[in-house]
Amino acid sequence: MPFAIHYLLGIGDMANSSNLLPSGLPRIESLEMRGIVKRFPGVLASDHVNFDVKAGEIHALLGENGAGKSTLMKILYGLYQPDEGEVFLNGERIVIHSPTDSIKYGIGMIHQHFMLVDNMTVAENVALGLPSSREPRLDLDVVSARIRKLAEKYGLQVNPNSVISKLAVGERQRVEIVKALYRGAALLVLDEPTAVLTPQEVDDLFVIFRQMAADGHALIFISHKLGEILALTDRVTVLRDGRAMGTRPTAGATKQDLASMMVGRDVLLERHRPPAERGPVRLKLDNVNAINEDGVPILKHVSFDVHSGEIVGVAGVSGNGQRPLARGIAGLHEVTNGRIYLENDDITDLSPAQMFKIGLSYIPEERMHDGVVKDFSVAENLILQDYVRRPFSNGIFLAFKYIAEHAKKLITAFRVKTPSRDTPAKNLSGGNIQKLILARELARQPRILIAAQPTRGVDIGATEYIHNQLLKQRAEGLATLLISEDLDEVKALSDRIVVLFGGEVMGIVNSDEVTIEELGLMMAGEKRAELA
């Protein structure tokens, strides 16, 4: 009988066997992937990869962007079919044609981006697509009762009657876990599960994962946060360029060990922010307010300033005003009240083109949507907005020779890996697209830089380079507003930190005087701090 049906019928509740988990799910003693090969046009995404996970274990999968992590897990979940290799469940070979097969075998996946319907309740989301025990009528009362049992078992604190849109990010993460367990997951693939959580929510989530492992679940944990891998997991497998570079116990490993395995060289993980002379105020926000398309306030009385020679970080859980803040300063989102100043100039109502002319550069959060034109070449993307002025053009004619020389110079200076300057931007890796955008924005020698999520989805090597460039520009007097959901990044690079919750400033603190835990409380709206 398939795992999910077995569980939905409640058969496990009457059983008492070492082959069952405490929740009644059939146990997966081991899962092994042997010699997995997956080819795409021009790319060997998985090169004879071996990987295994056992009951009661949390096994980390680590690697840079493009290393093959997602490909391997999509094969396990039935989204891709391997060109070579086999999968074994409890020692027996299985073939996974689709996610339906994966679920049947007790394999579940918690996606980084939640797969929930916002206007439905928790119970409705969990039951969606599953047969009712009393067809054709719904059995949401039965579903709710089982959700409560799972929530009580693992301390998940989930209300089956809550509407998803009303839940905080951490609560939605717990709903995803409940959904996977309800559908029969004895093995869980956790894809960047902490990406949008506060430090306190991460701690709570780790308690749940450890309890699941203690109960006999097998967990595969994918994360780019080396500290989390060392704190949570039992073993770690590192992938590089589609190949497994080795598997080792995490006990005794260091961040530097793992980073070197990922990149193939020593990586500077600790950022030392040298003293810098803070100059006059470059950017000033005075009581700034904004609303979304439904008229709901998303920025509420936001006031702070950024000096030349200073990096001011903005911390907050995703969706608490960071995006409209960045877009509002850049002229892309209307400010309904309050003023924004660049030095002594009121720039509140200027267009993005006018912002560019007066010396504001912007690294957008959505690099593929807002940062580059995907089908334009690298060289063309390096002159977006600049092409209308000398020396890039002369009247209606582009200066192609100068544009080519300009592109060559920036590609070299910012280490953009591209086959040529004529390569379409969409063919570059995420890290190299980010370096392309950074090169373009800094080449303008701006007075103020708005850097929104500059290293999101970027591998360790590119992150190291981007951090170094931001610190270099700080030393040269640039005023930078750094918006990031990575608290380690914010603390390492920022002189001061603005914390947002619900579009409000919960505090402005000195980076060297605040702890991660204190930042987490402010990000959750549980604490306010004096303004620094």
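Where a number appears in this text, it was derived from the coordinates with a stated rule and is not lab data. Here the structure is a predicted model, which means the values were calculated and not measured. Because the Cβ atoms are built from the backbone with ideal geometry, glycine has one as well, and the counts that use them run over all protein chains shown.
Counting only DSSP beta bridges whose two residues both lie in the chain, roughly 55 percent are antiparallel.
Segment 39-81 and segment 421-488 have their alpha-carbon centroids 28 Å apart.
With 29 Å as the cut-off, how large is the P(r) tail for the chain, expressed as percent of Cα-Cα pairs?
That tail contains 58 percent of the Cα-Cα pairs.
Under 5 Å between amide hydrogens, built in the peptide plane, is the criterion, and for L478 it picks out G309 among residues at least 5 positions away or on other chains.
When only alpha carbons are used to place a centre, segment 232-249 and segment 340-410 end up 41 Å from one another. Restricting the GluC sites (Glu not before Pro) of segment 348-419 to loop positions (DSSP other than H, G, I, E, B) with no more than 15 neighbouring Cβ atoms within 10 Å leaves E366. If I histogram all Cα-Cα distances within segment 189-252 using bins 10 Å wide from 0, what percent of pairs lands in each bin? Over segment 189-252, the share of Cα pairs per 10 Å bin runs 19, 54, 25, 3 percent.
By the count of neighbouring beta-carbon atoms within 10 Å, fewest first, V378, V142 end up ordered V142, V378. Within the same chain, lysines fewer than 8 places from K69 are excluded, and of the rest, those with a Cα less than 25 Å from its Cα are K38, K54, K104, K179, K225, K255, K374, K417, K426, K435. Counting every other Cβ atom within 10 Å of each residue's Cβ, R93, R172 order from fewest to most as R93, R172.
With the convex hull drawn around the C-alpha atoms of segment 394-434, the volume per residue stands at 86 Å³.
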